1. Go through the range 91-104 and give me each residue that's of a type in the set (Val, Ile, Thr) and either touching a Cys at 6+ places or on another chain (Cβ under 6 Å) or surrounded by fewer than 14 Cβ atoms within 10 Å (Cβ to Cβ) (or both).
2. Is there any pair linking a residue in the range 180-193 that is under 17 Å from Gly122 (Cα atoms) to one that is among the β-branched types (Val, Ile, Thr), with Cβ under 6 Å and at least six apart or on different chains, and which?
3. Could you say whether any residue in the range 36-53 is at pLDDT 95 or above, closer than 30 Å to Val151 by Cβ, within 25 Å of the chain's Cα centre (by Cα) and open to solvent by 40 Å² or more (accessible area, probe 1.4 Å)?
4. Assess whether Ala142 counts as being in contact with a His (Cβ under 8 Å, 6 or more places away or on another chain), open to solvent by less than 20 Å² (accessible area, probe 1.4 Å) and at pLDDT 95 or above.
5. From Ser62, Ser17, Ser52, grab the single residue that is assigned to a strand (DSSP E or B), in contact with a strand residue (DSSP E or B) (Cβ under 8 Å, 6 or more places away or on another chain) and in contact (Cβ under 8 Å) with a residue 60 or more places away in the chain.
Amino acid sequence: TVYYDLAASVPNDAGISAILSPSSFCPGTEPVTLQLQNFGTAQLTSATLHWSVNGVTQSPYSWTGLLDSVGGTGQKTANVTVGSYAFTSNAPYTIRAWTSGPNNTVDTINYNDTTEVTVRAGLTGTFTIGGASPDFSTFTDAVDALNAGGVCGPVVFNVAAGTYNEAIELGEIPGANATNTITFDGGSGNAATRILQHSHTSVGGVITLNGSDYVRIRNLTIKATGTSYGTAVFFSNDADHNIIEHCVLESSTS
């Protein structure tokens, strides 16, 4: 949906312009901080800030202060911590925040009231990919969690037997270092029964490490099945300190 304003048209108009925290964080209780903004032609001195996590409404926050009007020269935003929430590892959280009652009146312009983000805590510990009741059904799901939340400690993904038809790309994972390594492991001697494969139609790898550091890939078959493009593991953007061991790498000679 696209909106445009020729000019601010009402005196009392507040909204949440950003959800500032949590951002990159580890499992545990974290503060939830919102950016309140005055969009009205009158100075804003009060508003109610509402928020929810995964659809469950939390206690609202009554804000008072002073934010200058649109067109004024003073400050128009305020960072407000409205509460805290206990976040666990390996779970996405959708945080939604909105305002009501600017200057104890009805807000008649509502499209700018609400902001929503999905965040997740960094991973730490041992997880499973595939098999019965896995933590992650696919490599893609596991990599999405890494790229979104980073790591807070060493992470190991134990891969169950199977053929996984997908290509994955890890970015520069927040928190990864010589201690907090990231390991994908099929188990000793199991490479033949843990197959990650993809048929490319453009440049890329079945596994792409795009600036990723401290990744360990062990005991897997990584198979590029494309006839025009076929890279098993593709390194880019200074991907350093990575180890590929006890793996079978297959690609087309053409």
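The values are calculated or read from the model by the stated rules, or taken from the named source; none is laboratory data. None of these values were measured; they are calculated from a predicted model. Reconstructed Cβ throughout: ideal geometry from the backbone, glycine too, with neighbour counts over all protein chains shown. Remember, those area values only see protein heavy atoms, side chains included, never the ligands or the DNA or RNA. Shrake-Rupley method; radii C 1.70, N 1.55, O 1.52, S 1.80 Å.
1. Residues of the range 91-104 of a type in the set (Val, Ile, Thr): 94-95, 99.
Listed by number, the list holds a single entry, Thr94.
2. Going by the 6 Å Cβ cut-off, the qualifying pairs are Asn180/Val151; Ile182/Val155; Ile182/Val215; Thr183/Val156; Phe184/Ile217.
3. Scanning the range 36-53 turns up no residue that is at pLDDT 95 or above, closer than 30 Å to Val151 by Cβ, within 25 Å of the chain's Cα centre (by Cα) and open to solvent by 40 Å² or more (accessible area, probe 1.4 Å).
4. Numbers: in contact with a His (Cβ under 8 Å, 6 or more places away or on another chain): no; open to solvent by less than 20 Å² (accessible area, probe 1.4 Å): yes; at pLDDT 95 or above: yes.
Against the criterion (in contact with a His (Cβ under 8 Å, 6 or more places away or on another chain), open to solvent by less than 20 Å² (accessible area, probe 1.4 Å) and at pLDDT 95 or above), Ala142 does not qualify.
5. Values: Ser62 fails: in contact (Cβ under 8 Å) with a residue 60 or more places away in the chain; Ser52 fails: in contact (Cβ under 8 Å) with a residue 60 or more places away in the chain.
None of the others qualify; the one that does is Ser17.
So that you can scan it fast, the table gives a plain yes or no per residue for (1) more than 21 Å from the chain's Cα centre (by Cα); (2) farther than 26 Å from Ala91 by Cα; (3) assigned to a loop (DSSP other than H, G, I, E, B); (4) of a type in the set (S, T, N, Q):
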{"site": "Tyr164", "(1), (2), (3), (4)": "yes, no, no, no"}
{"site": "Ala176", "(1), (2), (3), (4)": "no, no, yes, no"}
{"site": "Arg216", "(1), (2), (3), (4)": "yes, no, no, no"}
{"site": "His241", "(1), (2), (3), (4)": "yes, yes, yes, no"}
